[in-house]
1. Near the amide H of W53, under 5 Å away, which other amide H atoms are found, from residues 5 or more places off or on another chain, if H is placed in the peptide plane?
2. Considering amide H positions built from the backbone, and no H for Pro or chain starts, which residues 5 or more places from F67, or on another chain, come under 5 Å of its amide H?
3. Arrange the peptides 11-17, 45-51 so that the one whose residues have, on average, the most other Cβ atoms within 10 Å appears first.
4. Shape call for region 29-71 from the C-alpha gyration tensor, a ≥ b ≥ c root eigenvalues: rounded (a/c under 1.5), prolate (a/b greater than b/c) or oblate?
5. So what is Rg over Rh here for the chain, counting just Cα atoms and using Kirkwood for Rh?
6. Just to check I understand the Karplus step: with θ = phi - 60° and J = 6.51 cos²θ - 1.76 cosθ + 1.60, what whole-Hz values come out for region 88-95, glycine and proline as x?
7. Full-extension gain between Q107 and I28, please, as 0.36 nm times their residue separation minus the C-alpha to C-alpha distance.
8. Let me spell out the model: positive unit charges on the Cβ of Lys and Arg, negative unit charges on the Cβ of Asp and Glu, origin at the Cα centre of the chain. What dipole size does that give, in debye rounded to 20?
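The values are calculated or read from the model by the stated rules, or taken from the named source; none is laboratory data. All of these numbers come straight from a predicted model, not from anything done at the bench. Cβ placement follows ideal geometry from the backbone for every residue including glycine, while neighbour counts extend to all protein chains displayed. Side chains included, ligands, DNA and RNA excluded: accessible areas come from the protein's heavy atoms. Shrake-Rupley method; radii C 1.70, N 1.55, O 1.52, S 1.80 Å.
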Amino acid sequence: QVQLVESGGGLVQPGGSLRLSCAVSGHIFSSIAMAWYRQAPGKQRELVASITWSGSPNYSGSVKGRFTISRDNAKKTVSLQMNSLKPEDTSVYYCAFLPNPNNYWGQGTQVTVAS
């Protein structure tokens, strides 16, 4: 059974930081690219950051310079360090395989940036 379990979300003030983690089980991991997506209420899910199996990252323009994606292939985890958070970063964050042909998604973790 494939599972992706996100954690680390919460409420943070503008300018603050959070670190999200995603633990993967039941699926190969080390040879697959991974990604973080987010979805705000009433909006489409958007790709925030991705990382190749070898660790090369890529970021959307809205988070570049503020977020850092990383992975630990031994632990089958992918993380997202989020700094200088803005209210517009408020969303539910999901990790996923990239590509994700079988449409595997976790439950997501809520990030709320507000004062």
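1. Residues meeting the amide H criterion: A33.
2. N83
3. Result, highest mean Cβ count within 10 Å first: 45-51, 11-17.
4. Oblate.
5. 0.95
6. Result, ordered by residue: 6, 7, 4, 5, 8, 9, 10, 9 Hz.
7. This chain segment gains 26.5 nm when fully extended.
8. Here the chain has a charge dipole of around 100 debye.
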